[in-house]
Structure formats: C-alpha cells, structure tokens
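Comments concern the structure below.
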Amino acid sequence: MDRANLSRGPLAMTSSASHLLNRRIHPLGGDLAVLRILLVLGLFAGLLVPHASALRPPTGKIILSITGNIAFTNASDKAEFDLAMLEALPQHSFSTRTPWYPQARTFSGPRLRDVLVAAGAQGDTLQVTALNDYKTTLPVNDARIFDVIIALRLDDKPMTVREKGPLFIIYPFDSKKELNTELYYNRSAWQLRKIDVR
C-alpha cells in the first residue's frame, strides 16, 4: 500500500472495501439504481399479470373433482373442472387396442399429468373413483412416464356415459408391450368423476 492510501486513513480503506463488496454482491457492477428500477418493474409486473397457477372456477357442469394433496383449488378444498377447462389444456390423441372394444379406437383428451399440474398435485398415489363408485389406484409416476390421457372423445366424438364417458383414464397400451397386462388395464378407469391425490 502506498503513502497516499495510508494518508487517507481507515475510513477510506473501509469505503474501498465496501465498494468491492458491492461489486461482488450485485451482478450489475454495483449499480444499485438500475437494480432498484428492475426490482420495481418486476413487482409492478407481478401485480398486472395474473398468477399462472390460478385455477378459475368452472362455469359449466362439473365433470371432474380433484381432492387431497393439491396446491390449487377453486371450490373450498378441491379443484373442480368443467368440460371447457379440460378442453383448454393441450389435447393429445392416440389409437390403441383395449380389452373393452373389439378393434383399436382413437382416444383424445388432455394428458393426466397436465391435469394434475393444473391442480398442483403433490403426491405419490392417485385414487380414482368412477360414477358407479368403482375405485382403483395408480401411482403418480405412471402419469410422468406414460402418455396417459383423460379421454374426452372416442373416435373424435364426445364420450357418453354409455360409451364409458364422459371421462376415461386410458393408457396407450399399444405403445409399450409392458402396458398390455392386467396391471395397467385395472389402472384405467372409465366414467371417471374424482381423483384423490395422496
């Protein structure tokens, strides 16, 4: 350290160290004014933009309820969906043979994992219940590794209760040999009305 720096005393040395510390903490080179402006703009934008995870209330007939360990609700302690809400999610289709139809059929609807994300599901197991109170259980991991859908349409037509609708959890059985077993057939559920996340 030279004489000039020594003559400035300990206060000047502290100020210099503080400046270096600010430069390390703030990626904008210590420019706090710019940082403050960005922070204010970010907070203001947060007030203007609706929360991406908000689940609006249904306006039509409720056809699916999700309960249990979920983060987003629109009716007391559950997430309720009408047909329009499910149709607003990305739609997917596949054709597959099943034990319930004599030939391959085409099923269309949102992926099960997208519906779970919409409700903020945070569990490992799903207990699903049908209109006739039939219950089955499937692991959440199935929704992650297989393209399981909640079918709204069969051969491009809305599914009636008589045709196992209005909702049908269906696996793409023909996509993987391992899915063509009783285990996965039993995890499928037609006339779906409720999913409980555990």
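Say each of Q127 and S76 gets a label point 7 Å from the Cα, pointing the same way as Cα to Cβ; how far apart are those two points in nm?
Calculated label separation equals 1.8 nm.
For segment 148-198, rounded, prolate or oblate, judged on the Cα gyration tensor with a ≥ b ≥ c (square roots of eigenvalues), a/c < 1.5 rounded, else prolate if a/b > b/c? Before the final figure, lay out each step's value.
Values: a/c = 2.19, a/b = 1.30, b/c = 1.69.
Oblate, because a/c is 1.5 or more while a/b does not exceed b/c.
What's the local net charge at Q122, with K and R +1, D and E -1, over the other residues with C-beta under 15 Å away? Before the final figure, lay out each step's value.
Details: positive: K78, R113, R144, R198; negative: D77, D124, D196.
After counting each charged neighbour, the total is +1.
Under 11 Å from the Cβ of V197, count the other residues' Cβ atoms, weight Lys and Arg +1, Asp and Glu -1, and hand me the total.
Numbers: positive: K78, K194, R198; negative: D124, D196.
Counting the neighbours of V197, the net charge comes to +1.
Give the aspartates and glutamates reachable from K194 as a straight Cα distance under 20 Å; neighbours fewer than 8 places away on the same chain don't count.
Of all the aspartates and glutamates, those that pass the test against K194 - Cα under 20 Å, at least 8 places apart if same chain - are D77, E80, D82, E87, D114, D124, D133, D142, D147, E163.
Using +1 at the C-beta of Lys and Arg and -1 at the C-beta of Asp and Glu, which of I145, V197, T106 has the Cα lying farthest in the positive direction of the dipole of segment 62-197?
Final value for the positive-end residue is T106.
Between rounded, prolate and oblate, where does segment 62-197 land on the alpha carbon gyration tensor, with a ≥ b ≥ c its root eigenvalues, rounded for a/c under 1.5, else prolate if a/b exceeds b/c?
On the way: a/c = 1.64, a/b = 1.36, b/c = 1.20.
Because a/c hits 1.5 or more and a/b exceeds b/c, segment 62-197 counts as prolate.
None of the figures in this text is laboratory data; all of them are computed from the coordinates on show. A quick note: this is a predicted structure, and the numbers were derived from the prediction, not measured. Because the Cβ atoms are built from the backbone with ideal geometry, glycine has one as well, and the counts that use them run over all protein chains shown.
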